[in-house]
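These notes are about the structure you will find just below.
The values are calculated or read from the model by the stated rules, or taken from the named source; none is laboratory data. These figures come from a predicted structure and were not determined experimentally. Backbone-built Cβ (ideal geometry, glycine too); neighbour counts: all protein chains shown. Surface accessibility is based on the protein's heavy atoms, side chains included, excluding ligands, DNA and RNA. Shrake-Rupley method; radii C 1.70, N 1.55, O 1.52, S 1.80 Å.
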Amino acid sequence: MAKKIVDRILPTTMVGSYPRPHWFKHQLLGRDIRVAFKEVQHEEAYDDAVATVIRDQEEAGLDIVTDGNMWYDDYVGVIGSFCWYMYERIGGFEPAREQHPSTVGASEKTQGGEIMDDWGGVINSGPVTRGPIRLADLYKVAKKHAKVPVKVSVGAGPANLAWHAYFKHYKDARDLTMALCPIFNQEMKDLVAAGAKYLQFEDLGAWLPLFTGNKDDYKWIRESVEMCCDGVDAKIGWHFCFGNAWGNDILSANYPQGYQTVLPHLFETKGIDEFVLDYANRDMAGVDFLKNLPKDKGIQIGVLDIRTAAIEKPETIAARIRKVLAHVPAEKVTLSSDCGMKPLARMVAKMKLKALSDGAAIVRK
């Protein structure tokens, strides 16, 4: 059975980034946070931003909070900076944003291609080395402000990073991914040493085989996640984001049966306690598939749609939760948002999270 973080049935949390407070304008621009935070205004602004978004979540009633990913910069396609935070701090990657590898030689522009180019590609020109990622430092900032447990985002993960690279040192995505795994494993162990008990491993590389068309890729992707989680004494969820580029469903539009296609190859991944999945954006379509969850795996499931600014009624959230419980025992379920509220107005995000908490309370009652 999945490990408990709070002693409550159907605990609530959120997934992905939270809207930045408008006054938080500072950018790291590739710097080590221990360097950037020598500027007192930057350190104060970051500390205040984390305190603010945690307070929003607690006031909304969440049982488990996050730092809202305030640590990655507000550039490169909203979410692209999630990868660039890692590229800029791991040795072996060039600093320039290049055309995305997937669009090189394309005969015409597509919506997906333009989004990927905005995100950008990166040149891997040397062996990867562990730089100042500082996930433990960032966790300590969040921990001091939270009255409830903090879930920590770990990513973008190795296969995710390898997806967007030009290979001038490692030969391919698998080779680069495996080289990155020890770096992530040590970051996760450092988080546990700092007191973190709940980690959310972010690796969209799980979707890579749908694009390569090679089912053999599932094996090494599973092995890479197991390497990252090896010996990490915490509850670990693996997030399978279903895509949210400014509200555009690039992934789910092209692969509406994505979870059903991908997850069976990865159900038995060692070290993973739960799968983190976005379902609200499809009004829970296909949720019956989750009856196939392995006995030792839980689910953190999105019942809050963040692709729209419309604020759901708690009764709507409750109805979505009941659809989940028709197929998964309540003790295996954690409730969350779908991924990535960053494009929303902060007030809307907070009100949505309040609807999530209230909807969960209806079902518990």
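What the table shows:
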| read-out | value |
| --- | --- |
| Qualifying residue in segment 110-126 (condition: open to solvent by less than 20 Å² (accessible area, probe 1.4 Å) and over 22 Å from the mean Cα position of the chain (by Cα)) | yes |
| Residue in segment 160-173 that is under 20 Å from Asp32 (Cα atoms) and surrounded by fewer than 22 Cβ atoms within 10 Å (Cβ to Cβ) present | no |
| Selection count, segment 127-149, where residues are in a loop (DSSP other than H, G, I, E, B) and either open to solvent by 70 Å² or more (accessible area, probe 1.4 Å) or over 30 Å from Ala51 (Cα atoms) (or both) | 2 |
| Count - residues of segment 56-81 that are farther than 22 Å from Ile133 by Cα and open to solvent by 10 Å² or more (accessible area, probe 1.4 Å) | 4 |
| Which numbered condition Val78 misses (of (1) modelled with pLDDT of 90 or more; (2) in a loop (DSSP other than H, G, I, E, B); (3) touching a Pro at 6+ places or on another chain (Cβ under 9 Å)) | (1) |
| Boolean, Trp246 is aromatic (Phe, Trp, Tyr) and at pLDDT 75 or above | no |
| Of residues in segment 1-23 being surrounded by 16 or more Cβ atoms within 10 Å (Cβ to Cβ) and closer than 19 Å to Ser81 by Cβ, the one modelled with the lowest pLDDT | Gly16 |
| Test result for Asp32, surrounded by fewer than 19 Cβ atoms within 10 Å (Cβ to Cβ), among the acidic types (Asp, Glu) and free of Cβ contacts under 8 Å to residues at least 40 places away in the same chain | no |
| Odd one out for Lys189, checked against (1) under 26 Å from Phe242 (Cβ atoms); (2) open to solvent by 30 Å² or more (accessible area, probe 1.4 Å); (3) touching a residue at least 12 places away in the same chain (Cβ under 8 Å) | (1) |
| Near pairs, Cβ below 6 angstrom, 6+ apart or cross-chain, from segment 336-357 (on the phi < 0 side of the Ramachandran plot and crowded, with 23+ Cβ neighbours inside 10 Å) to any residue that is of a type in the set (S, T, N, Q) and at pLDDT 95 or above | Ser336/Thr13; Ser336/Gln300; Leu356/Thr12 |
| Positions within segment 165-186 being under 14 Å from Met86 (Cα atoms) and not in a helix (DSSP H, G or I), in sequence order | Ala165 |
| Odd one out for Ile311 among (1) open to solvent by 20 Å² or more (accessible area, probe 1.4 Å); (2) in contact with an Asp or Glu (Cβ under 6 Å, 6 or more places away or on another chain) | (2) |
| Matching residues in segment 82-109 - criterion: being touching a residue at least 24 places away in the same chain (Cβ under 8 Å) and loosely packed, with under 15 Cβ neighbours inside 10 Å | Gly91, Pro95, Ala96 |
| Residue in segment 319-327 that is aliphatic (A, V, I, L, M), open to solvent by less than 30 Å² (accessible area, probe 1.4 Å), in contact with a Leu (Cβ under 6 Å, 6 or more places away or on another chain) and touching a residue at least 24 places away in the same chain (Cβ under 8 Å) present | no |
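One line per residue, one yes/no per condition, for (1) farther than 29 Å from Val104 by Cβ; (2) in contact with a Lys or Arg (Cβ under 6 Å, 6 or more places away or on another chain); (3) modelled with pLDDT under 95; (4) of a type in the set (D, E, K, R):
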{"site": "Met178", "(1), (2), (3), (4)": "no, no, no, no"}
{"site": "Ile183", "(1), (2), (3), (4)": "no, yes, no, no"}
{"site": "Ala196", "(1), (2), (3), (4)": "yes, no, no, no"}
{"site": "Gln200", "(1), (2), (3), (4)": "yes, yes, no, no"}
{"site": "Asp203", "(1), (2), (3), (4)": "no, no, yes, yes"}
{"site": "Phe211", "(1), (2), (3), (4)": "no, no, yes, no"}
{"site": "Glu226", "(1), (2), (3), (4)": "yes, yes, no, yes"}
{"site": "Asp230", "(1), (2), (3), (4)": "yes, no, no, yes"}
{"site": "Asp233", "(1), (2), (3), (4)": "yes, no, no, yes"}
